[in-house]
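The values are calculated or read from the model by the stated rules, or taken from the named source; none is laboratory data. What you are looking at is a predicted structure, and each value in this text was computed from that prediction instead of being measured. A quick note on method: Cβ atoms are made from the backbone with ideal geometry, for glycine too, and the neighbour counts reach across all protein chains shown. Surface areas here come from the heavy atoms of the whole protein model, side chains and all, with no ligands, DNA or RNA. Shrake-Rupley method; radii C 1.70, N 1.55, O 1.52, S 1.80 Å.
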Amino acid sequence: MSRFRGMAPVVVFASGILLGAAQIAQNVYTQDMDRSVKPGDDFYRYANGGWLKAVPAERTSYDTRTILNEKTGQRVRELIQEVAAAQPGRERGKGSAAQKVGDYYASFVDESGIEAKGLAPLAEELAAIGTIQDKAALSAYLGGTLNSEVDGLTGNADHIFGVFVNQGFAESKHYIFHLLQGGLGMPDRDAYLDASPKMAELRGQYQAHIAAILKLAGVAEAESKATRILSLEIRMAQAHAPDADAADVFKQNNSWKRAEFGIKAPGMDWGAYFKSAGIAAEPDFIVWQPSAVTGTSALVGSESIELWKDYLRFHLIEHYSSVLPKAVGAEDFAFYGTILSGAQQAPERSAGGIAATNAALGQVVGQLYTQRYFPAEAKAKAQAMVGDLITAYRARIANVSWMSPETKKKALTKLASLRMGVGYPDKWIDYSTLDVARGDAFGNLRRAEAFNRSYNLAKLKRPADPDEWRIDPQIVGAVIVFTPNTETFSAGVLQPPYFDYQVDAASNYGSAGAGMAHEITHILDELGNIYDEQGRLVHWWTAEDAAKYHAAAAKLAAQIDGYCPLADLCVNGKQVLSESSADLAGLQVAHDAYVLQLKGKSDMVIGGLTGEQRFFLAFSQRWRKNQPEAALRRQIKTDTHAPGEYRSDTVRNVAAWYKAYEIAPSDKLYLKPEDRVRIW
Ligand SMILES: [Zn+2]
């Protein structure tokens with residue numbers, strides 16, 4: 001899955017680390033640091049040397065993200081299992097969050113109950129496919145399965161098209177229906193079209209998987225049907241947009257009127273399709289990949305009804321494999337788990353249950369999670385920090401050297417209209433109409449999908465809400481959405497060691513504060529330059545701004561080119577420039593904000609460290625990572641982020657760091673004032 005898909009949300013959490021509240025009180029900094037290293041010679045090892053030595057060798061690629069994921073994962077698991085075990089009645093009344101979550105999970109992990117039903121839960125849907133006799137009925141069936149499982153983050157719906165209900169590219173006040181390509185059982189177009197022997201082998205394995213699934217469902221002539229289904233998907237893949245185009249927001253921005261579908265994409269009975277999808281009256285669409293809509297529609301027209309019915313049977317079983325008998329799940333894992341992902345062992349059923357419950361009832365689990373782990377006080381602290389960051393950023397923009405006065409005005413407008421969500425949404429989704437029944441794993445999934453779909457389609461009737469959340473609070477992560485202009489930091493990420501509402505502001509501003517300011521930078525930098533303050537597709541830098549920006553940034557790229565962790569390999573400054581530039585701005589803005597919130601008072605000393613020292617220490621500690629050489633090499637060659645050590649070295653550009661640690665010209669990290677970079 002590509003990390004960046006045009007206007008789609010970008011999951012951006014960059015790992016951070018500090019230590020927990022109790023530990024800070026006991027001055028654990030000394031334990032994590034290596035005070036034998038001079039901060040001015042190697043700040044990363046001064047800040048993290050103790051921790052790096054203490055990480056067990058087998059915990060490779062161990063960093064803050066891992067720590068937070070493990071901690072939150074454990075909490076969510078306990079929470080869900082606790083409500084699943086609670087007694088009906090007072091502990092979890094019918095329709096309550098606890099009942100829905102508990103029963104969803106309990107039904108999912110009830111393997112014997114699922115086994116006993118066999119494929120009976122599919123009977124109704126299989127019968128519906130069986131009755132399809134003509135193209136109108138086929139189109140109606142396809143429209144009825146149009147679902148909202150895609151959100152721009154997930155690339156390929158397992159139905160021929162996916163829907164994403166979001167504001168438009170040119171108009172921000174209303175929701176509009178975005179239609180996305182889909183329909184492929186393998187992850188992307190290349191898996192179908194690449195001529196290499198490896199991909200040819202994969203196609204053979206996929207075809208065998210299709211046959212195996214059809215056999216499990218008792219479909220006759222499974223082998224020959226699998227051949228034809230694969231060939232249909234290959235032709236669909238030929239119509240799909242290549243990955244680079246699919247991710248290019250300017251190529252996604254195609255307005256189609258409802259009446260144009262029949263002309264631009266003949267083959268499908270679009271009247272039947274949209275009526276069945278429940279949007280017969282919808283006049284406007286944005287078609288992200290027109291070639292896929294045209295190509296797939298043509299295949300609806302040209303291919304036999306019987307082939308389409310076999311295709312639909314296969315994908316129906318595949319889609320629900322997680323709530324069908326073991327044999328189906330095992331076959332599914334053999335292809336998707338082992339062949340495609342290299343996993344040797346299927347995850348435990350309970351892990352699947354937690355993931356499925358989170359997926360179906362995201363904000364319901366989120367409510368339970370935040371009630372326990374992210375109190376209003378935590379949200380208030382995070383919001384106050386956001387306020388300081390925005391104030392600091394505003395002042396900084398006034399002094400940016402490369403932006404014209406006109407562009408600065410636009411940057412300030414964009415900053416002012418940015419919606420920063422922290423912890424959990426102010427308004428929760430109302431799940432009261434979603435019925436979750438104990439012992440009905442299949443039905444629960446069906447109803448959750450239907451709920452999700454009608455929730456999304458209902459948005460078409462109301463004004464766009466920029467405060468809508470795209471990430472669940474219990475997920476460890478942060479999301480930038482450019483359309484609309486929003487960023488969200490979940491409760492899952494805003495916890496120790498990244499952010500601790502109960503302790504030291506200096507540490508919070510140095511870690512989570514710098515992380516937030518990094519992400520705010522992206523709404524203003526080259527990534528955000530193509531979206532205005534309402535998320536409409538508009539270039540707002542001038543050509544001259546861009547030229548001056550690149551000149552200012554080149555100095556940072558040159559600095560980074562000098563980082564060579566291996567004898568034969570240096571970091572490529574250009575490759576990581578956008579992210580490193582956001583790191584630098586993030587650190588500078590967070591420091592300004594830290595000073596702001598002191599309101600002229602001096603900070604206390606904790607563990608022998610001043611506030612200024614803890615601020616920079618926290619910044620460095622968020623970048624620690626136990627990484628084997630092969631992973632480091634891979635990161636340097638492919639990642640747009642520099643290795644953690646060099647992200648930590650961003651401090652070299654900030655005057656306050658020199659003062660805080662009394663860095664001398666003889667120190668290895670020392671830069672002459674004129675060599676320190678400032679872009680923002
Ligand atoms: Zn970034």
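Points worth noting:
- None of A346, A351 is open to solvent by less than 50 Å² (accessible area, probe 1.4 Å) and either of a type outside the set (V, I, T) or under 24 Å from G477 (Cα atoms) (or both) except A351.
- Restricting segment 542-567 to residues that are of a type outside the set (A, V, I, L, M) and assigned to a helix (DSSP H, G or I), the residue that is nearest to the ligand (Cβ to nearest atom): Y549
- Considering segment 568-585, and only residues there that are away from the ligand (no atom under 11 Å from the Cβ) and part of a loop (DSSP other than H, G, I, E, B), the residue that is surrounded by the fewest Cβ atoms within 10 Å (Cβ to Cβ) turns out to be D568.
- Residue check, R394 touching a residue at least 12 places away in the same chain (Cβ under 8 Å) and more than 30 Å from A123 (Cβ to Cβ): yes
- Applying the criterion of being touching a helix residue (DSSP H, G or I) at 6+ places or on another chain (Cβ under 9 Å) and hydroxyl-bearing (S, T, Y) to the residues of segment 487-523, the residue that is farthest from the ligand (Cβ to nearest atom) is Y501.
- Any chance Y531 is at pLDDT below 95 and either within 16 Å of the ligand (Cβ to nearest atom) or in contact with a Leu (Cβ under 6 Å, 6 or more places away or on another chain) (or both): no
- Considering residues of segment 605-660 that are open to solvent by 30 Å² or more (accessible area, probe 1.4 Å) and of a type in the set (D, E) only, the residue nearest to the ligand (Cβ to nearest atom): D639
- Test: residue in segment 200-217 that is surrounded by 14 or more Cβ atoms within 10 Å (Cβ to Cβ) and among the polar types (S, T, N, Q): yes
- Filter pass, T357 being open to solvent by less than 40 Å² (accessible area, probe 1.4 Å), of a type outside the set (D, E, K, R) and either touching a residue at least 40 places away in the same chain (Cβ under 8 Å) or farther than 20 Å from E115 by Cα (or both): yes
- Residue in segment 508-566 that is nearest to W623 (Cα to Cα), counting only those that are open to solvent by less than 50 Å² (accessible area, probe 1.4 Å) and of a type in the set (D, E): E519
- Hits in segment 105-127 - residues which are surrounded by fewer than 16 Cβ atoms within 10 Å (Cβ to Cβ), assigned to a helix (DSSP H, G or I) and not charged (D, E, K, R): S112, G113, A116, A120, A123, A127
- Some residue of segment 454-477 being open to solvent by less than 10 Å² (accessible area, probe 1.4 Å), assigned to a strand (DSSP E or B) and closer than 29 Å to A582 by Cα: no
- Residue ID - nearest to the ligand (Cβ to nearest atom), chosen from residues in segment 586-604 that are open to solvent by 40 Å² or more (accessible area, probe 1.4 Å) and in a helix (DSSP H, G or I): D592
- Pairs, first free of Cβ contacts under 8 Å to residues at least 40 places away in the same chain in segment 564-583, second away from the ligand (no atom under 16 Å from the Cβ) and acidic (D, E), C-beta under 6 Å, six or more apart: G573/D561
- Among all positions in segment 664-680, there is no residue which is surrounded by 18 or more Cβ atoms within 10 Å (Cβ to Cβ), in a helix (DSSP H, G or I) and either modelled with pLDDT of 95 or more or in contact with a helix residue (DSSP H, G or I) (Cβ under 6 Å, 6 or more places away or on another chain) (or both).
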